[in-house]
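The values are calculated or read from the model by the stated rules, or taken from the named source; none is laboratory data. Just so we're clear, the structure is a prediction, and the values are computed from it rather than from any experiment. Here the Cβ positions follow ideal geometry from the backbone for every residue, glycine too, while neighbour counts run over all protein chains shown.
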Amino acid sequence: MNQAEATEKLVAALTKKQKTKTKFYFSDLVKMLEEKPRPAKAFISQMVRDEVLELWSSGSTSMYGLKGLGKQHATEDEE
């Protein structure tokens, strides 16, 4: 799998699930990519750098989601 295929596969999976959930754990993304964790981490990190995905952290938990989606973006737009 190359970066373009990984991006396409992950964006399709996240778009399909966005009605119920906007943030996912790293392990969820690895399962969606059907890759081992190390190559999946490289793909996911590149997607964050390309601003396809965004990293959200509470300090103890890190989650990923499509850029511009989620509850925090809805509240930021209102301010």
Quick one: what pairs do we get from the range 17-44, first residue under 13 Å from E5 (Cβ atoms) and among the hydroxyl-bearing types (S, T, Y), second part of a helix (DSSP H, G or I) and modelled with pLDDT under 95, C-beta under 7 Å, 6+ apart or different chains? none
I want to confirm something. Restricting to the range 54-70 and keeping residues that are touching an Asp or Glu at 6+ places or on another chain (Cβ under 9 Å) and part of a loop (DSSP other than H, G, I, E, B), which single residue is farthest from D28 (Cα to Cα)? G68
Within the range 13-45, how many residues are loosely packed, with under 13 Cβ neighbours inside 10 Å, over 18 Å from L55 (Cα atoms) and either touching a Cys at 6+ places or on another chain (Cβ under 6 Å) or of a type outside the set (S, T, N, Q) (or both)? 4
Please find, within the range 1-52, the residue that is farthest from L69 (Cα to Cα) out of those that are basic (K, R) and outside any loop (DSSP other than H, G, I, E, B). R38
The number of residues in the range 49-67 that are closer than 17 Å to T15 by Cβ and surrounded by 11 or more Cβ atoms within 10 Å (Cβ to Cβ) is 9
